[in-house]
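Input: a single structure, listed below in structure tokens.
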Amino acid sequence: MKKASAAKRIAYLGMLTALAMIMSYVESLIPIGLGIPGIKIGLANLVVLTGLYYLKPQEVILVSVTRILLIGFLFGNGVSVIYSLAGGIVSFFVMLLIKKTGAFSVIGASVAGAVSHNIAQLVCAALIVRTAGLIWYAPALLAAGVAAGVLIGILSSKILPVIRKIIADKE
């Protein structure tokens with residue numbers, strides 16, 4: 001993205017954080033659970049994934065962590081913040097690594113991010129409740145992660161060309 005003034009950049013990142021928060025809230029209204037805790041589409045990850053392709057990594061992680069903290073403290077609790085941070089941070093770094101290799105498409109990065117998010121949350125939950133019995137959730141969470149990752153990856157792959165065109169028109 002073209003170099004912008006610091007104030008303009010902060011305002012832009014604030015808007016992306018607000019958009020991710022809105023997506024998190026909208027997602028909370030969609031009953032998907034299927035009787036298994038933790039299954040979500042990951043709409044807010046659309047902002048993170050798409051941002052990885054045209055923002056600096058430190059800006060994307062700032063948007064992601066800020067969104068997680070704000071949503072967690074507004075609508076969740078301390079434990080939900082811990083789970084979300086574990087999943088969000090691991091997912092971010094996995095997607096960043098995948099993107100940097102150039103070996104996978106946006107959809108591939110999204111699937112890797114979704115699956116790693118679920119694994120990180122599962123490990124976090126197992127550590128908190130001190131039982132490995134949660135491993136039984138893994139197959140359902142991984143399948144849901146693949147499905148959600150494909151969906152978010154497809155959406156991001158449709159959004160990215162539009163953003164690139166907008167950026168190119170401004171330069």
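What follows is calculated from the coordinates using simple rules that are stated; it is not laboratory data. This is a predicted model, so every value here is computed, not measured. All Cβ positions, even for glycine, are placed from backbone atoms using ideal geometry, and neighbour counts span all protein chains on display.
About its Cα centre, what dipole magnitude does the chain give when the only charges are +1 on Lys and Arg Cβ and -1 on Asp and Glu Cβ, stated in debye to the nearest 20?
Dipole of the chain, to the nearest 20 debye: 520 debye.
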query = How far apart, in nm, are two points set 7 Å out from the Cα along the Cα-to-Cβ line at residue 146 and at residue 165?
reply = 3.4 nm
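Given the alpha-carbon gyration tensor of the range 26-171, what are the semi-axes of its equivalent ellipsoid in whole angstrom, ordered largest first, with each equal to the square root of 5 times an eigenvalue? Write down the numbers at each step before the final one.
On the way: eigenvalues 144, 54, 41 Å².
One finds semi-axes of 27, 16, 14 Å for the range 26-171.
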note = Ordered by fewest other Cβ atoms within 10 Å, a rough proxy for footprinting exposure, 27, 59 read 27, 59
